[in-house]
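Worksheet: the structure to be examined is printed underneath.
The values are calculated or read from the model by the stated rules, or taken from the named source; none is laboratory data. Remember, it's a predicted structure, so these values are computed and weren't measured experimentally. Cβ sites come from the backbone with ideal geometry, for glycine too, and all protein chains shown count toward neighbours.
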Amino acid sequence: MTANSNRVEDVIIIGSGPAGLTAAIYAARADLKPLLFEGFLAGGVPGGQLTTTTEVENYPGFPEGVSGPELMLQFRAQAERFGTRFITQDVESVGFAERPFRVTSEGEDYYARAVIVSTGASARYLGLDSEKRLMNRGVSACATCDGALPVFRNQELIVVGGGDTAMEEALFLTRFASKVHIVHRRDELRASKVMQERARANDKIEFIMPAVVEEVLGEGEVTGVRLRNPVTDEVWEKPICGMFLGIGHSPNTAIFDGQLELDDTGYIVTKGRSTYTNVPGVFACGDVQDSVYRQAITAAGSGCSAAIDCERWLAENP
């Protein structure tokens, strides 16, 4: 649904993952008539990263599990039912220095009294064609999301990375896998000392380093990886059933640089336990301001918080 760009909306929501759609549900039920931009920043398609997950088994209310795309369609339908209007376009720029706030998409300006930012974060990948081809067929960027799936139980897996994220992913996977191999391109880890010690103390974890993944092997599913030692150029194949990326996430905040306060890694800084940013009337929720949990349920919860914060702020600033 389109909107009149000359109209000043009560609230514009940027982003259509669990956080943005939950914010839309709450804002719409509060009669704020939200306008939501469901662009392609978070995960490559409207709906965010969850649309790239084949099976979601840890979202409450779905005891048999649900596919990521189906879950997000249900989120969207619920938001639309209460009156949320959608524009399926990316936001190109924002203007938060003056009021009403400006949001620009495809060369057209839209204005709002308040804005909720929920553009999410994107997992970092190796950039291999085979990695992309086997995504959700044994390749994953979220051990917490996918590690407990039956296909990975009692199997050998690898985690790519050398920081705290990789150690955390590997330790989590040891609950289900028979063996977890950590592949890192350097001969020293970047992870904190305590995380290194925990990983090294686990009998199920082995380290393959220095090594880089040259290719993910398999047709319909992952059967192994081709590894290369970057020092000796030795190449060999390692049979495994799953590859997990533990090389971090990048928040989708480029268009907010210079507009909102960002931390050293690019995540939006929110005040205390609220969703308030440094600009009154602009709120942030979901993975764009959460570098710790990054789960659908925590994103949805923060989306609820953002809508409530926004509703109260608008009431206090008529």
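For a quick check of your reading: which strands (runs of 3 or more DSSP E) sit entirely within the range 214-318 and have at least 2 residues that are within 27 Å of L32 (Cα to Cα), touching a Phe, Trp or Tyr at 6+ places or on another chain (Cβ under 9 Å) and in the same structural domain as D90 (by TED's automatic domain parsing)?
Correct list: 282-284.
Only residues in the range 255-267 that are surrounded by 12 or more Cβ atoms within 10 Å (Cβ to Cβ) count as the first member; pair them with residues that are polar (S, T, N, Q) and in a loop (DSSP other than H, G, I, E, B), Cβ under 6 angstrom, at least 6 apart or cross-chain, and list the lot.
Within 6 Å, the pairs are L260/T277; E261/N278; L262/T253; G266/T253; Y267/Q289; Y267/S291.
For the range 92-146, name all the residues that are of a type in the set (S, T, Y), farther than 23 Å from Y59 by Cα and in contact (Cβ under 8 Å) with a residue 40 or more places away in the chain.
If the condition is that a residue be of a type in the set (S, T, Y), farther than 23 Å from Y59 by Cα and in contact (Cβ under 8 Å) with a residue 40 or more places away in the chain, then S93, S105, Y110, Y111, Y125, S130 are the ones that fit.
How many of the residues making up the range 232-254 are over 22 Å from I205 (Cα atoms) and touching a residue at least 24 places away in the same chain (Cβ under 8 Å)?
5
For the range 79-107, how many residues meet the condition of being over 14 Å from E9 (Cα atoms) and hydrophobic (A, V, I, L, M, F, W, C)? Don't jump to the end; show me each part of the working.
In the first step, residues of the range 79-107 are kept if they are over 14 Å from E9 (Cα atoms); the result is 79-82, 88-98, 105-107.
Checking the rest, the ones that are also hydrophobic (A, V, I, L, M, F, W, C) come to 79, 82, 91, 94, 96-97.
Here the count works out to 6.
Within the bounds of the range 162-183, is there any residue that is of a type in the set (S, T, N, Q) and touching a residue at least 40 places away in the same chain (Cβ under 8 Å)?
There is at least one residue in the range 162-183 that is of a type in the set (S, T, N, Q) and touching a residue at least 40 places away in the same chain (Cβ under 8 Å).
Checking the condition within 18 Å of C142 (Cβ to Cβ) and surrounded by fewer than 20 Cβ atoms within 10 Å (Cβ to Cβ), which residue from S274, S250 passes?
Within the list S274, S250, the selection yields S250.
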